[in-house]
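Data block below; observations after.
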Amino acid sequence: MSTSRSESSQPTSLHSSGHSEDNEEVTNQSRSSKRKQSIVWEHFTKVRVNDSLHAKCNYCEKLLSGGSTYGTAHLKKHLKNAYPKFKLEHIIGLSGSPRNEFKFDLVKSRKDLAIACIMHKYPFNIGEHEYFEIFLSGLNPDFKLPCRNTIRSDVIEVYEEEKVKSYKLLDELRCKVSLTTDIWTSKQSHVAYCCLTVHFVDDS
């Protein structure tokens, strides 16, 4: 007498299945326990259908290939295409790792721009350069390049801050110093500069 057996095609969670292959899966997972699991699995559940491993979307329950040989790129693509309003690219990123939340600081950004102008001799009208503005807008649309007068004021403010720091440092010195001067002309602006360098005369 023959006994018929019907095979179920319903998804089975790996956490509740008693199939022998589940033990193999657990063994494989224990072997690779040191490997970091992609954050994309926060949005999918591993299930087994007809002895094949699948990834079931936690939102629409769509089944996608879930074996380790398939990677996670197709899972990220599904999330981005199906749920663009969630902006999941900020959650999972291209590298599969979470991104730190960015907080824009206008004051710091303006000071960084002023320091860049000082260190690299950028002209004060850099804020009027069209394609540089387009470039910055692509990085952070919240930052608007200031005009040349604003950049000039920011540069002078940085200069005054550094001058106070230098005065304080020299005032607190407990050793002698040696001063040397150097003169050069900027290739960009053809302006002559005189540089004063302080060398500390101490045991070190």
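Readers should treat all values here as calculations from the given coordinates under stated rules, not as data from a laboratory. Since we're looking at a predicted model, the values are computed, not measured. Methodologically, a virtual Cβ is constructed for each residue, glycine included, from the backbone with ideal geometry; neighbour enumeration extends over all protein chains shown.
Which value, in Å to one decimal place, does the Kirkwood hydrodynamic radius take for segment 106-175 when every pair of different Cα atoms is included?
Details: mean 1/r = 0.0747 Å⁻¹.
Result for segment 106-175, one decimal place: 13.4 Å.
Panel order for Arg174, Arg110, Arg152, by other beta carbons found within 10 Å of each beta carbon, from fewest to most: Arg174, Arg152, Arg110.
Expressed as a fraction of 2.2 N^0.38 Å, the rule-of-thumb size for a compact globular protein of N residues, what is the C-alpha radius of gyration of segment 146-194?
Details: Rg = 15.3 Å, N = 49, 2.2 N^0.38 = 9.7 Å.
Dividing the Cα radius of gyration by 2.2 N^0.38 Å gives 1.58.
Residues whose amide H comes within less than 5 Å of that of Cys147, counting only those at least five positions distant or on another chain, are absent (H built at 1.01 Å from N in the peptide plane).
Give, as a single signed number, the net charge of other residues whose beta carbon lies under 13 Å from the beta carbon of His120, with Lys and Arg counted +1 and Asp and Glu -1.
Working: positive: Lys121, Lys187; negative: Asp112.
Around His120, the charge tally is +1.
For segment 106-175, the tally of Lys pairs with Cα-Cα distances below 25 Å comes to 13, considering only residues 8 or more apart or on different chains.
Around Lys111, with a cut-off of 12 angstrom between Cβ atoms, what is the net charge of the other residues, counting Lys and Arg +1 and Asp and Glu -1? Walk me through the intermediate numbers first.
On the way: positive: Lys108, Arg110; negative: Asp105, Asp112, Asp154, Glu157, Glu161, Glu162.
Around Lys111, the surrounding residues sum to -4.
Here the Karplus curve 6.51 cos²θ - 1.76 cosθ + 1.60, taken at θ = phi - 60°, turns the phi angles of segment 157-170 into couplings of 5, 5, 4, 5, 5, 5, 5, 4, 4, 5, 4, 5, 5, 5 Hz, with x standing for Gly and Pro.
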